[in-house]
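Below is one structure, written out as structure tokens; the observations come after it.
The values are calculated or read from the model by the stated rules, or taken from the named source; none is laboratory data. Keep in mind the model is a prediction, meaning the values are calculated, not measured. No Cβ is skipped: glycine too gets one built from the backbone with ideal geometry, and neighbour counts run over all protein chains shown. Areas reflect the complete protein model, heavy atoms only, side chains present, ligands, DNA and RNA absent. Shrake-Rupley method; radii C 1.70, N 1.55, O 1.52, S 1.80 Å.
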Amino acid sequence: MISEDNIQQFKTLIENAENIAVIPHRNPDGDAIGSALALWHILRRMGKNARVISPNEFPSFLHWLPGSEEIIAFESYPDDVKRILDRCDLVFTLDFNALHRAGDQMQLYLEQLQTKFIMIDHHQMPDDYAAVTFSDVNYGSTCELLYDILVTSGFNQYLDADSATCIYTGIVTDSGSFKFTKTTGHTHRVVADLIDYGVDNPQIHINLFNNNSYNQLQLLGRALNQLKITGNNKVAYTFLSQNDLNEFHYQKGDTEGIVNYGLSIEGIELAVIFIEQKQEGIIKISFRSQGDIDVNQFARTHFNGGGHINAAGGKSFHSLQQTIEDFETIINSEF
């Protein structure tokens with residue numbers, strides 16, 4: 001929530017800090033990178049020495065965002081990142097609300113920092129590690145929440161076309177191009193303000209959605225070819241094995257949005273994609289739903305995950321085949 005007390009603490013902590021780190025979650029999406037870069041631009045315009053630290057490398061379809069070349073990844077440069085964090089007076093965590101979402105190694109380092117944290121996030125059940133917590137599940141994106149915080153604090157005076165572009169990108173990606181249920185009239189009013197700051201909204205959509213590689217489309221075709229329907233014709237799922245990923249030279253971000261194709265089928269209420277990631281030893285799972293099906297609770301209960309009511313993630317430590325079999329057993333008992 002955006003309370004007067006939180007805003008005052010937010011302003012005081014920023015004004016008294018010189019070195020500030022801004023951290024999105026591991027495997028960051030458009031909302032995570034967009035909010036992190038937007039805040040970075042604001043802080044830099046305020047004269048702060050700010051850095052965006054991503055737990056790991058971020059997907060190439062976001063590399064066009066202004067300032068993205070300045071992001072440093074913990075997994076690629078751990079010693080450099082640790083030196084940066086040791087000098088920080090303040091750390092922001094954006095689009096996540098539990099430190100384990102930064103990955104095991106970075107979590108351990110963040111937990112031992114004596115620095116104050118500010119959390120800005122829109123997911124359920126936040127942890128209590130931050131000195132200031134802005135957490136509101138009514139927002140469709142962290143970027144929209146960040147915009148309101150900037151306006152309420154008066155820091156929107158530092159907004160420009162670059163920071164507005166980053167915020168717009170996060171809103172577009174987390175709202176499914178404005179079609180998800182948490183897209184409100186307020187969302188569109190925020191977007192109108194951002195366009196007035198100089199956002200080139202047609203070009204952003206081209207950058208996000210019209211730059212697919214041949215291999216990405218081949219990977220999408222493989223996923224669609226493996227699509228199955230179950231659960232009394234209300235559930236669609238597909239999968240990609242490590243061999244599938246290797247065959248089409250998978251790059252981070254190539255599977256973004258594939259899960260939504262299952263949800264586009266008439267009568268489907270739940271869509272899922274299982275992606276084998278042998279290097280990490282997990283099956284990564286994405287859930288999407290329509291209506292009252294709570295995939296956040298489903299992911300928490302069955303697949304070590306969580307998120308939102310209609311969009312969540314999870315993981316399994318079993319084989320791809322076993323994970324799918326377990327999923328079908330659960331679905332057949334619940335649908």
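Summary table below
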{"item": "Single condition residue 232 does not satisfy, out of (1) surrounded by 18 or more Cβ atoms within 10 Å (Cβ to Cβ); (2) more than 23 Å from residue 315 (Cα to Cα)", "result": "(1)"}
{"item": "Yes/no for residue 323 being in contact (Cβ under 8 Å) with a residue 40 or more places away in the chain, of a type in the set (S, T, N, Q) and open to solvent by less than 40 Å² (accessible area, probe 1.4 Å)", "result": "yes"}
{"item": "First in the range 173-191 and free of Cβ contacts under 8 Å to residues at least 24 places away in the same chain, second anywhere and not polar (S, T, N, Q), Cβ under 7 Å, 6 or more apart", "result": "191/168; 191/171"}
{"item": "Sole exception among (1) outside any loop (DSSP other than H, G, I, E, B); (2) aromatic (Phe, Trp, Tyr); (3) closer than 26 Å to residue 284 by Cβ for residue 139, by number", "result": "(1)"}
{"item": "Residue 90 touching a helix residue (DSSP H, G or I) at 6+ places or on another chain (Cβ under 6 Å), open to solvent by less than 10 Å² (accessible area, probe 1.4 Å) and over 20 Å from residue 111 (Cβ atoms)", "result": "no"}
{"item": "Matching option when the condition is assigned to a loop (DSSP other than H, G, I, E, B), assigned by the TED database to the domain that holds residue 330 and at negative phi, among 293, 275", "result": "293"}
{"item": "Verdict on residue 313 being in a loop (DSSP other than H, G, I, E, B) and either surrounded by 22 or more Cβ atoms within 10 Å (Cβ to Cβ) or not assigned by the TED database to the domain that holds residue 61 (or both)", "result": "no"}
{"item": "Residue match in the range 104-119 (condition: over 21 Å from residue 25 (Cβ atoms), of a type in the set (Lys, Arg) and out of contact with any Gly (no Cβ under 9 Å at 6 or more places or on another chain))", "result": "no"}
{"item": "Which numbered condition residue 223 fails, given (1) in a helix (DSSP H, G or I); (2) of a type in the set (A, V, I, L, M, F, W, C); (3) in the same structural domain as residue 169 (by the TED database)", "result": "(3)"}
{"item": "Lone unmet requirement of (1) open to solvent by less than 40 Å² (accessible area, probe 1.4 Å); (2) part of a helix (DSSP H, G or I); (3) over 30 Å from residue 264 (Cα atoms) for residue 167", "result": "(3)"}
{"item": "Top-ranked residue of the range 279-305 - restricted to ones that are surrounded by fewer than 22 Cβ atoms within 10 Å (Cβ to Cβ) and in contact with a helix residue (DSSP H, G or I) (Cβ under 8 Å, 6 or more places away or on another chain), ranked as nearest to residue 322 (Cα to Cα)", "result": "302"}
{"item": "Scan of the range 281-304 for residues that are modelled with pLDDT under 90 and of a type outside the set (S, T, N, Q), ordered by number", "result": "291, 292"}
{"item": "Flag if residue 254 is charged (D, E, K, R), open to solvent by less than 30 Å² (accessible area, probe 1.4 Å) and outside any helix (DSSP H, G or I)", "result": "yes"}
{"item": "Condition check for residue 245: touching a residue at least 12 places away in the same chain (Cβ under 8 Å), farther than 23 Å from residue 332 by Cβ, surrounded by 15 or more Cβ atoms within 10 Å (Cβ to Cβ) and not assigned by the TED database to the domain that holds residue 64", "result": "yes"}
